[in-house]
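*Asks:* My questions will all concern the structure given below.
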Amino acid sequence: MTRPFVALSKFGAKKGVWAVITGCTDGIGKAYADQLAAAGFNVVLVSRTLSKLQDVQQEIEAKHKVETKVVSIDFAHATPDDYDRLRTAISDIPVGVLVNNVGTNHEFPVRFQDEDDKVIEAIVEVNVMAQLRVTKLVVPRMVERKNGLILNIGSMSAVSPTPLLSVYSGSKSFLRVWSQTLGEELASQGILVECVNAYFVVSSMSKVRRASYAIPSADTYVRSALKRIGLHGGSAVPFNNSPYLPHAIIDWLVERVLPRRLMLTYNHRT
Ligand SMILES: NC(=O)c1ccc[n+]([C@@H]2O[C@H](COP(=O)([O-])OP(=O)(O)OC[C@H]3O[C@@H](n4cnc5c(N)ncnc54)[C@H](OP(=O)(O)O)[C@@H]3O)[C@@H](O)[C@H]2O)c1
């Protein structure tokens, strides 16, 4: 962690530039929306439930005096019209930051062959297809400006695969690899791509309610992530970052020290 981090000002903070955040009415996404607005970005809030989006919109406008737009999309069942609404919403604004945060998981650990097909399809639609489609809409806007930051919210379950959460783990593994290829493709166009590898963070999805040093609140986690853009944390993989120190230590150990076969068996038993 000796290299300097990249400041948000590089992507247009306080200059009328917008950030697009998916899955932003709760947890990590809500913390990104709040902290990017606090840093001086206008925000496009994209998530499933319109009433929750409107609550977050009101909260952010009152707190940070920035402009906001809301687009409600259920990414598990999104239609081309839904993506067109997002395309229209961003067609006339400069977009400097995209946080591909939306994600969904298995309800509980289950063997792959016993998982409901609808759950499998929802995980692939939300964790893979939504990231691809939203990014495809946003990247041309960033290329026009030769500037942008794309944060793909990954998971330690891609670094250390988790049996019984196999489709989730595989979907996050897609993000880990795709971020490297996209990052390399876009680097020469002034766009920084980063897969943010989170371990446990307090949220509805993690079902962890109380923060501890190893399991931070979403606010603490995102504060740490926004201060370490462009670094690696414990990750040895290009365009991947585990920005929160206790998670960086776990990532460092998993990627460089612990035997992978042993970790797989340990994760299976846990
Ligand atoms: N929390 C962790 O421990 C952890 C660890 C590793 C990675 N992550 C990743 O971090 C990201 C955020 O997770 P989180 O724990 O903050 O989740 P969360 O608290 O459960 O919040 C999820 C957000 O996504 C929205 N959402 C869920 N399904 C959606 C859909 N089908 N269409 C549109 N929006 C949808 C939710 O909207 P509604 O309010 O309408 O439900 C909510 O705003 C995910 O990608 C997750 O995989 C989390």
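*Asks:* Given the criterion assigned to a loop (DSSP other than H, G, I, E, B) and either within 16 Å of the ligand (Cβ to nearest atom) or under 21 Å from Gly103 (Cα atoms) (or both), identify the matching residue among Pro238, Pro216.
*Replies:* On inspection, the qualifying residue turns out to be Pro216.
*Asks:* Give the residue that is most open to solvent (accessible area, probe 1.4 Å), with candidates limited to residues of the stretch 37-55 that are assigned to a helix (DSSP H, G or I) and within 22 Å of Arg133 (Cβ to Cβ).
*Replies:* Lys52
*Asks:* For the stretch 144-186, which positions are closer than 20 Å to Ser242 by Cβ, open to solvent by 20 Å² or more (accessible area, probe 1.4 Å) and polar (S, T, N, Q)?
*Replies:* Within the stretch 144-186, Thr162, Ser173, Gln180, Thr181 meet the criteria.
*Asks:* Moving on. In the stretch 114-137, what residues are within 16 Å of the ligand (Cβ to nearest atom), more than 13 Å from Leu175 (Cβ to Cβ) and not acidic (Asp, Glu)?
*Replies:* Result: Lys118, Val119, Ile120, Ala122, Arg133, Leu137.
*Asks:* Just need a number here: residues in the stretch 1-39 that are away from the ligand (no atom under 15 Å from the Cβ), free of Cβ contacts under 8 Å to residues at least 60 places away in the same chain and touching a strand residue (DSSP E or B) at 6+ places or on another chain (Cβ under 6 Å).
*Replies:* The qualifying residues number 1.
*Asks:* Go through the stretch 215-270 and give me each residue that's without any contact (Cβ under 8 Å) to a residue 24 or more places away in the chain, open to solvent by 70 Å² or more (accessible area, probe 1.4 Å), of a type outside the set (Phe, Trp, Tyr) and closer than 30 Å to Asp34 by Cα.
*Replies:* Leu245, Ile249 - these are the residues of the stretch 215-270 that are without any contact (Cβ under 8 Å) to a residue 24 or more places away in the chain, open to solvent by 70 Å² or more (accessible area, probe 1.4 Å), of a type outside the set (Phe, Trp, Tyr) and closer than 30 Å to Asp34 by Cα.
*Asks:* Could you grab me the full set of residues in the stretch 9-27 that are of a type outside the set (Asp, Glu) and open to solvent by 30 Å² or more (accessible area, probe 1.4 Å)?
*Replies:* Ser9, Lys10, Lys14, Lys15, Gly16
*Asks:* Can you tell me which residues in the stretch 87-113 are within 16 Å of the ligand (Cβ to nearest atom) and part of a loop (DSSP other than H, G, I, E, B)?
*Replies:* Asn101, Val102, Gly103, Thr104, Asn105, His106, Glu107, Phe108, Pro109
*Asks:* Moving to a separate point now. Would you pick out the residues in the stretch 142-178 that are among the polar types (S, T, N, Q) and within 13 Å of the ligand (Cβ to nearest atom)?
*Replies:* If the condition is that a residue be among the polar types (S, T, N, Q) and within 13 Å of the ligand (Cβ to nearest atom), then Asn152, Ser155, Ser157, Ser160, Thr162, Ser169, Ser171, Ser173 are the ones that fit.
*Asks:* Mind counting the residues in the stretch 187-209 that are aromatic (Phe, Trp, Tyr) and either more than 16 Å from the ligand (Cβ to nearest atom) or surrounded by fewer than 21 Cβ atoms within 10 Å (Cβ to Cβ) (or both)?
*Replies:* Looking only at that region, the number is 1.
The values are calculated or read from the model by the stated rules, or taken from the named source; none is laboratory data. Worth saying up front: this structure is predicted, and the values here are computed from it rather than measured. Please note: Cβ atoms are built from the backbone with ideal geometry, for glycine as well, and neighbour counts cover all protein chains shown. Protein only, heavy atoms only, side chains kept; ligands, DNA and RNA dropped before computing areas. Shrake-Rupley method; radii C 1.70, N 1.55, O 1.52, S 1.80 Å.
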